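The values are calculated or read from the model by the stated rules, or taken from the named source; none is laboratory data. None of these values were measured; they are calculated from a predicted model. Every residue, glycine as well, gets a Cβ built from its backbone with ideal geometry; the counts of neighbours run over all protein chains shown.
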Amino acid sequence: MPIRLNPSMYEPTPTFADRLRSADRTLYGMWSCAGSPLVAEICAGSGLDIVLVDGEHSPVGLESILAQLQAVAAYPAVPLVRAPIGDPVLLKQLLDLGAQNILVPMVDSVAEAEAMVRAVRYPPHGVRGVGSALARSSRWSRIPDYLARANDLVSLTVQIETVEGLEAAAGIAAVEGVDALLVGPADLAASMGLLGQQNHPDVIAAVERVIAAGRSAGTPVGVNAFDPATADRYAAAGAAYVLVGADVTLLARASEGLADRFIGTSEPDAGSPAPASY
């Protein structure tokens, strides 16, 4: 007898937007930057809510992102994938390999946000190329009615990382199809002339301004904050989610701690700045 597929086996998991809507608290997550599926799996099993696979500042390509998504899929943590750039062709590839939750960096205007919405949607609402029968996104046409449902199975988050993006944040948050914002304090600080000063009062005030704009528009806003006190402050200000660490920085600091404990290191130069968080 022929094998009959059970369609429920291939139902996609809830999107990042779904998780944000159903959350009754701030969500917390971390970055997967090492490019290792094994490390991504360790992060996914940590109990954190989000694993953000970074394609912008990490040594990863499509195959590595695919492997990380496969590793994370067995765990409750929701995977979010940051593209290196908001290019429609690259976004199409990420979507086809099964990235349901897309993060686009450096979105500075309403027009750019609208273009990203079109890039992740099929016609007539967008420009995403149709190749689902060849792709993991539809489980190779095993997800019932994938093409008709695809726009609801994808979430789009855009990053506010410049003064221009800050000024346009309220408008970007109101764009239909933008499910969430993420503030990048490192680039925002640099854009404000405060390179490496993510905890400068002006930068913190700018982040809180974006959080307030998102709340007014009904759009969740998240932020990077590797300093626990700053993370707590942003959560109290209404951040819907906070990214509180990264695999590579955790390994760097922990290995330095081992070296300091067992070998001993010289005291840092009094004038040297502390390592900046991302």
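Where residues in the range 175-185 are among the aliphatic types (A, V, I, L, M) and in contact (Cβ under 8 Å) with a residue 60 or more places away in the chain, which of them is surrounded by the fewest Cβ atoms within 10 Å (Cβ to Cβ)?
Initial filter on the range 175-185 (among the aliphatic types (A, V, I, L, M)): 175, 178, 180-183.
If we keep only those that are in contact (Cβ under 8 Å) with a residue 60 or more places away in the chain too, we end up with 175, 178, 180, 182.
Numbers: Val175: 20, Val178: 24, Ala180: 23, Leu182: 26.
Filtering first and then ranking leaves Val175.
Would it be correct to say that Ala168 is aliphatic (A, V, I, L, M) and more than 30 Å from Gly131 (Cβ to Cβ)?
Taking the combined requirement at face value, the residue satisfies it.
For Val81, are the conditions met, namely being aliphatic (A, V, I, L, M), farther than 25 Å from Val39 by Cα and within 18 Å of the chain's Cα centre (by Cα)?
So Val81 fails the test.
I need the helices (runs of 4 or more DSSP H) fully contained in the range 1-102, keeping only those with at least 2 residues that are buried (at least 20 other Cβ atoms within 10 Å of the Cβ), in contact with a helix residue (DSSP H, G or I) (Cβ under 9 Å, 6 or more places away or on another chain) and at pLDDT 95 or above.
Here the list reads 37-44, 62-72, 88-96.
This table checks each residue for (1) polar (S, T, N, Q); (2) closer than 15 Å to Gly184 by Cα; (3) part of a strand (DSSP E or B).
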residue: Asn199; (1), (2), (3): yes, yes, no
residue: Val203; (1), (2), (3): no, yes, no
residue: Glu208; (1), (2), (3): no, yes, no
residue: Arg215; (1), (2), (3): no, no, no
residue: Val223; (1), (2), (3): no, yes, yes
residue: Ala229; (1), (2), (3): no, no, no
residue: Tyr234; (1), (2), (3): no, yes, no
residue: Gly238; (1), (2), (3): no, no, no
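Let me spell it out: the conditions are (1) on the phi > 0 side of the Ramachandran plot; (2) part of a helix (DSSP H, G or I), and Ala113 meets all of them except one. Which number is the exception?
(1)
In the range 137-166, which residues are surrounded by fewer than 18 Cβ atoms within 10 Å (Cβ to Cβ), outside any loop (DSSP other than H, G, I, E, B) and modelled with pLDDT under 95?
Of everything in the range 137-166, those that are surrounded by fewer than 18 Cβ atoms within 10 Å (Cβ to Cβ), outside any loop (DSSP other than H, G, I, E, B) and modelled with pLDDT under 95 turn out to be Leu147, Ala148, Arg149, Asn151, Asp152.
Six or more apart or on different chains, Cβ atoms under 9 Å: show the pairs whose first residue is in the range 249-264 and surrounded by 12 or more Cβ atoms within 10 Å (Cβ to Cβ) and whose second is of a type in the set (Val, Ile, Thr) and not in a helix (DSSP H, G or I).
From the range 249-264, the pairs are Glu256/Thr265.
As an exercise: evaluate Val175 against (1) in contact with a Ser or Thr (Cβ under 7 Å, 6 or more places away or on another chain); (2) assigned to a loop (DSSP other than H, G, I, E, B) and give the number of the one condition it does not meet.
Result: Val175 passes all but (1).
Any residue in the range 123-140 that is β-branched (Val, Ile, Thr) and either at positive phi or under 21 Å from the mean Cα position of the chain (by Cα) (or both)? Quick ask: steps written out before the conclusion?
Let us first name the residues in the range 123-140 that are β-branched (Val, Ile, Thr), namely 127, 130.
Among the residues that remain, those that are also either at positive phi or under 21 Å from the mean Cα position of the chain (by Cα) (or both) are: none.
For the range 123-140, residues β-branched (Val, Ile, Thr) and either at positive phi or under 21 Å from the mean Cα position of the chain (by Cα) (or both): absent.
For Leu195, are the conditions met, namely being assigned to a loop (DSSP other than H, G, I, E, B) and either at pLDDT 95 or above or over 19 Å from Ile85 (Cα atoms) (or both)? If you could, list the steps in order and put the result at the bottom.
Details: assigned to a loop (DSSP other than H, G, I, E, B): yes; either at pLDDT 95 or above or over 19 Å from Ile85 (Cα atoms) (or both): yes.
So Leu195 passes the test.
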